[in-house]
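Single-structure report; data block below.
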Amino acid sequence: MPELPEMEAWRRALNDPVSAFPIARAGPAHIATLKTFDPPLAALEGRRFRGVERRGKRLLFPTDDGALVLLVHLMTAGRLKMLPAGRVGPKTPAFGLELADGSKLVLTEAGKKKRAGVWLLTPEGAAAELAHLGPEALGLDARQLGEILRREARRLHPLLRDQRAIAGIGRAWANEILHAAKLSPYALSTDLSDDEVDRLATAVNGELARGLELRERGAGDDRTYRVHNRLGQPCHVCGTPLAQIDFEEHTIYYCPECQTGGRVLKDRRLSRLLR
Ligand SMILES: [Zn+2]
């Protein structure tokens with residue numbers, strides 16, 4: 001799933017082209033993708049986007065008259081791109097709209113499951129839709145992070161991925177961040193020392209900034225991730241083969257030497273612990 005670095009790189013790339021011309025035609029939209037019906041999509045036509053904003057893993061396209069906000073959540077497999085005028089796009093995009101110059105904003109989704117979502121909202125509706133999100137991960141300082149960690153005892157990996165606690169981090173960047181912080185994915189948030197909280201805050205900002213810089217330059221997963229999806233490959237810090245813990249829906253990657261004091265975590269025991 002695209003996370004903060006990926007979404008922010010897309011936001012920056014889409015900001016100018018999407019606001020260059022008014023919207024000529026809004027749609028088509030797959031029935032499972034468009035989550036709202038009032039206001040209708042056609043209400044966008046004739047208006048112009050002010051640009052693109054981002055909140056956590058969501059992109060927001062506010063109109064420049066302040067009346068409407070198009071909100072997009074790509075989930076796992078959604079991809080958003082701008083097609084220049086005259087370029088043939090996908091026949092049945094999950095969502096699309098056309099600007100007055102003929103360029104198109106197109107959302108596609110690989111696979112059969114339609115999970116990505118598009119909402120057309122008033123600014124108040126958009127604020128309500130985003131109200132549950134925690135503070136942005138990028139820019140979080142050690143004091144703010146310390147407050148979040150000490151609120152309740154939770155394992156670090158699921159806590160970092162909880163959008164209500166911190167917005168923008170998912171499975172991949174949680175792996176990268178915890179490795180950079182030299183912390184176990186299942187350490188308890190309330191057990192961290194002040195030094196460890198500092199280290200984690202530094203890792204959150206350092207890793208997300210590193211990811212954003214790479215993604216802006218068009219780097220793929222291979223060049224971006226150093227821990228995520230690298231089972232058995234040598235840790236880039238100590239050379240120990242990286243290990244994984246499997247869960248039903250995802251996998252945690254970590255370095256036993258850098259993060260868990262040489263211990264290899266057992267899958268079954270940990271699935272119970274982390275549930
Ligand atoms: Zn290591």
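Compute the FRET efficiency between Glu147 and Val88 as 1/(1 + (r/R0)^6), taking r as their Cβ-Cβ distance and R0 = 41 Å, and round to the nearest 0.05. Mind dumping the intermediate values first?
Working: r = 51 Å, r/R0 = 1.24.
So the FRET efficiency works out to roughly 0.20.
Taking springs between alpha-carbon atoms closer than 10 angstrom, which of Lys113, Lys182, Lys91 fluctuates most in the Gaussian network model of the chain? So, out of Lys113, Lys182, Lys91, the one fluctuating most is Lys91.
Any idea which of Ile177, Ala219, Ile245 is furthest toward the positive side of the dipole for the range 169-275, if Lys and Arg beta-carbons carry +1 and Asp and Glu beta-carbons -1? So the residue furthest toward the plus end is Ile245. If you run the Gaussian network model on the chain, springs between alpha carbon atoms under 10 Å, then out of Gly51, Gly78, Gly125 the most flexible one is Gly125.
Run through the DSSP bridge list for the chain and note the antiparallel percent, rounded to the nearest 5.
95
About its Cα centre, what dipole magnitude does the range 175-269 give when the only charges are +1 on Lys and Arg Cβ and -1 on Asp and Glu Cβ, stated in debye to the nearest 20? Walk me through the numbers before you get to the answer.
Numbers: 12 positive and 16 negative charges, 65 e Å.
Taking the Cα centre of the range 175-269 as origin, the dipole is about 320 debye.
Carbon and sulfur atoms: what percent of the 1.4 Å accessible area of the range 40-132 do they account for? Of the solvent-accessible surface of the range 40-132, carbon and sulfur hold 52 percent.
Under the classification rounded if a/c is under 1.5, otherwise prolate if a/b is larger than b/c and oblate if not, where does the range 21-172 fall, given a ≥ b ≥ c as square roots of the Cα gyration tensor eigenvalues?
On the way: a/c = 2.39, a/b = 1.82, b/c = 1.31.
Here the range 21-172 falls in the prolate category.
Across the range 76-136, the relative contact order, built from alpha-carbon pairs under 8 Å that are at least six residues apart, equals 34 percent. With contacts taken as Cα pairs under 8 Å and at least 6 residues apart, the chain reaches a relative contact order of 17 percent. For the chain, modelled as a GNM whose springs connect Cα atoms under 10 angstrom apart, the maximal fluctuation among Val227, Val237, Val197 occurs at Val237.
Taking a ≥ b ≥ c as the square roots of the eigenvalues of the alpha carbon gyration tensor, the range 151-275 is rounded, as a/c is under 1.5.
Can you list the DSSP H helices in the chain whose Cα atoms extend at least 18 Å along the helix axis and whose mean Kyte-Doolittle hydropathy is 1.6 or higher? Could you put the intermediate results ahead of the total?
Values: long enough: 4-19 (22 Å, -0.66); 194-216 (33 Å, -0.61).
Helices passing the filter in the chain: none found.
Report D for the range 1-62 in µm² per second (integer): Stokes-Einstein, Kirkwood Rh on Cα pairs, 20 °C, 1.002 mPa s. Here the translational diffusion coefficient equals 167 µm²/s. In this label model, Cys238 and Ala42 are separated by 6.4 nm, measuring between points 7 Å along each Cα→Cβ vector. For the residues Trp173, Trp10, a 1.4 Å probe over the protein chains yields an accessible-area ranking, largest first, of Trp10, Trp173.
Ranking Gly117, Leu105, Leu68 by how far each Cα lies toward the positive end of the dipole of the range 22-121 (charges on Cβ) leaves Gly117 at the top.
For n ≥ 4 DSSP H runs only, could you compute -39500 (n - 2.57) per run for the chain, divide by its residues and tell me the 222 nm figure to the nearest 500? Computed ellipticity for the chain at 222 nm equals -9500 deg cm²/dmol.
Quick one: pull the percent of accessible area on the range 136-275 belonging to carbon and sulfur, 1.4 Å probe, ligands and nucleic acids left out. Write out the running numbers ahead of the final one.
Working: 3070 of 6860 Å².
Answer for the range 136-275 is 45 percent, counting heavy atoms of protein chains only.
Would you please give the FRET efficiency between Lys182 and Leu231, computed as 1/(1 + (r/R0)^6) with r the Cβ-Cβ distance and R0 = 25 Å, to the nearest 0.05? After rounding, the FRET efficiency stands at 0.85.
For the range 25-105, just say rounded, prolate or oblate: build the C-alpha gyration tensor, square-root its eigenvalues into a ≥ b ≥ c, call rounded for a/c under 1.5, and beyond that prolate if a/b exceeds b/c, oblate if not. Can you show the working numbers first?
Values: a/c = 1.30, a/b = 1.06, b/c = 1.23.
Rounded, since a/c falls under 1.5.
Work out the FRET efficiency for Ser193 and Asp16 from their Cβ-Cβ distance, taking R0 = 45 Å, and round it to the nearest 0.05.
Working: r = 45 Å, r/R0 = 1.00.
With a Förster radius of 45 Å, E is 0.50.
Ligands, DNA and RNA are left out, and with a 1.4 angstrom probe the accessible area of the range 88-174 is 45 Å² per residue.
The values are calculated or read from the model by the stated rules, or taken from the named source; none is laboratory data. Because the structure is a prediction, the values reported are computed rather than measured. FYI the Cβ positions are ideal-geometry reconstructions off the backbone, even for glycines, and counts take in every protein chain you see. These accessible areas exclude ligands, DNA and RNA; they are computed on the full protein's heavy atoms, side chains included. Shrake-Rupley method; radii C 1.70, N 1.55, O 1.52, S 1.80 Å.
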